[in-house]
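Visitor: Got a structure for you, written out below as C-alpha cells; questions coming shortly.
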2 protein chains.
Amino acid sequence: MNASEPADSGLLALAQDFREALRHSIYLVRRLDADGELSAAQLSMLKMLMDAGPAAGGGASSASGVRVGEIARNLGVKVPSATEQIIKLERAGLARREPDPSDSRAVRVTLTEAGLAAVATANERRNAVMAGVLSSLSDDDRAALAAALPVIGRINATLQA
Amino acid sequence: MNASEPADSGLLALAQDFREALRHSIYLVRRLDADGELSAAQLSMLKMLMDAGPAAGGGASSASGVRVGEIARNLGVKVPSATEQIIKLERAGLARREPDPSDSRAVRVTLTEAGLAAVATANERRNAVMAGVLSSLSDDDRAALAAALPVIGRINATLQA
DNA sequence: CCTAACTGTTAGGCTACCTAACTATGAACG
DNA sequence: CGTTCATAGTTAGGTAGCCTAACAGTTAGG
C-alpha cells in the first residue's frame, strides 16, 4: 500500500501478528502445564539439566552438573530465582547440589534418577496433550507449522545472545 | 522409521518441537513485556476490551462494555482474577465499571480514553521491539513464519471451545 | 596481605493466579 | 406472591515465580 516503506510496514504487521499468536498461545501452555505434576518452571529447569548434564558444553574435564549462574542464564531468570527453584527440586528429590571441586564458591546441580524419570513422564504426558490438539489440523497446516518451528527457534536463539 | 504408526510418531515429534518452541518463546514475551509500562495481563485485558468493546458480538442492543465473566472467559482466567485486574485498571484510570442496566447483578467494563491510548502506545512499542527481532531473519524465514501464524491461530481457536 | 571481583544464599516484596465463602439479584414454580 | 435455586461478581486467604538488595564465602591481583 505504502510505496515508501513497504518492508518496514510488513515487518511491523508480521511482528504484531506473531505477538498476537504468542499471546494467545499462553492458554495452550497453561493448559499443558495444568497436569498437576511438575510446574512449568520446574520442568524447564529439569529439562535444561538433562540436556546440559551428560556432556557439559566445552568443559575440559567431565565437571558434572551445571552451575547455578549458568542455570539462571539458560532459563532467562536471575540467580536468586534459580536458587529458589533448585531448592524445591532438591527437596522433591529430583536434583542434587554438590560443591564444585575446582571452585569452592560454585555449586554444581545434577539430576537424580527420580528427576530424570520425572522429566520423561511429564514430557510424554504434555506431548500427548499437544499431539491431541495438533491432530485436528490438516496436513498442510501441520507442514506449515513444522516449517516455521526452525524459524521460531532461530528467533529464540537470537535472544540468548 | 516405524511403519505401523508413522502418523502418530510424526505428530508426537511435531508436538514436542512445537512445545519446545513455545517454551523458549516465553523469554521473548517476557522481554517484550518488560518495558515497564503495562503488565502483560493488563495489556491483554485492555486489548480484549478494545477488540470487543466497539461492537459487542451478537448482542441486540448496543450494550457497551464487556461483562466480567466474559472477560475472564476470554482471557482464560477465573472470575476473581479478572475482577482483580479490572480493579487495577480502574484505579489506573484505564477502564470503567458500570452497572448493567438490564441485569443489576452484572457489571459492564469499558475502556476510558486513557485506556485506549495506553493500548495503542504499549502495542506500538512492543511491535517495534518484535520487529527489531524479526528484522534479522531472512525473507524465507519471515515467509515461513507468516505462513504458520494462521495455523497457530487455528490451534488457539480450538482451545476456546 | 588486603582489596576488588565473583558465586551463591537469604530476606523482603510484588504480580498474577487459584479456591472457597459471601452478597445480591434474577428466574422458576407451586 | 413467596420460597427456592441459579447466576454475577466481590472478598478473603493462599501459592508460585519472579525481582532487587543485602549478605557471606572464595578467589585473584596489586
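The values are calculated or read from the model by the stated rules, or taken from the named source; none is laboratory data. The structure displayed is predicted, hence computed values, not measured ones. Note: ideal-geometry Cβ built from the backbone for every residue, glycine included; neighbour counts use all protein chains shown.
Visitor: Checking residue B:112 against (1) within 14 Å of DNA strand C (Cβ to nearest atom); (2) farther than 18 Å from residue B:70 by Cβ; (3) touching a strand residue (DSSP E or B) at 6+ places or on another chain (Cβ under 6 Å), which test does it fail?
Guide: Against the list (1) within 14 Å of DNA strand C (Cβ to nearest atom); (2) farther than 18 Å from residue B:70 by Cβ; (3) touching a strand residue (DSSP E or B) at 6+ places or on another chain (Cβ under 6 Å), residue B:112 comes up short only on (1).
Visitor: Oh, and also: Taking residue B:85 and the conditions (1) under 23 Å from residue B:31 (Cβ atoms); (2) within 11 Å of DNA strand D (Cβ to nearest atom); (3) at pLDDT below 95, which numbered condition does it fall short on, given that it satisfies the others?
Guide: Here residue B:85 clears every test but (3).
Visitor: May I pose another question? Sort out which residues of region B:132-161 are facing chain A (nearest Cβ under 7 Å), among the aliphatic types (A, V, I, L, M) and farther than 18 Å from residue A:146 by Cβ, and write them in order of number.
Guide: Once the filter is applied, which keeps residues that are facing chain A (nearest Cβ under 7 Å), among the aliphatic types (A, V, I, L, M) and farther than 18 Å from residue A:146 by Cβ, region B:132-161 yields B:133, B:134, B:159.
Visitor: Quick one: which residue in A:102, A:39 is away from DNA strand C (no atom under 11 Å from the Cβ), of a type in the set (Ser, Thr, Tyr), within 14 Å of chain B (Cβ to nearest Cβ) and without any contact (Cβ under 8 Å) to a residue 60 or more places away in the chain?
Guide: A:39
Visitor: Okay, next question. For region A:16-47, which positions are within 22 Å of residue A:125 (Cα to Cα), at pLDDT 90 or above and surrounded by fewer than 17 Cβ atoms within 10 Å (Cβ to Cβ)?
Guide: Result: A:39, A:40.
Visitor: Considering only residues of region B:51-74 that are closer than 26 Å to residue B:156 by Cα, modelled with pLDDT under 95 and among the hydrophobic types (A, V, I, L, M, F, W, C), which is farthest from DNA strand D (Cβ to nearest atom)?
Guide: Once the filter is applied, the top-ranked residue is B:55.
Visitor: Right, something else. Of all the residues that make up region B:72-90, how many are under 17 Å from the mean Cα position of the chain (by Cα) and within 8 Å of DNA strand C (Cβ to nearest atom)?
Guide: Summing the residues that are under 17 Å from the mean Cα position of the chain (by Cα) and within 8 Å of DNA strand C (Cβ to nearest atom) in region B:72-90 gives 9.
Visitor: For residue B:85, state whether it is surrounded by 18 or more Cβ atoms within 10 Å (Cβ to Cβ) and more than 24 Å from residue B:155 (Cα to Cα).
Guide: Spelling it out, residue B:85 is indeed surrounded by 18 or more Cβ atoms within 10 Å (Cβ to Cβ) and more than 24 Å from residue B:155 (Cα to Cα).
Visitor: Could you tell me whether residue A:93 is surrounded by 12 or more Cβ atoms within 10 Å (Cβ to Cβ) and within 11 Å of DNA strand C (Cβ to nearest atom)?
Guide: The answer is no for residue A:93.
Visitor: Okay, moving on. Of the numbered conditions (1) in contact (Cβ under 8 Å) with a residue 60 or more places away in the chain; (2) among the hydrophobic types (A, V, I, L, M, F, W, C); (3) surrounded by fewer than 16 Cβ atoms within 10 Å (Cβ to Cβ), residue A:119 satisfies every one except a single condition; which is it?
Guide: Unmet condition: (3).
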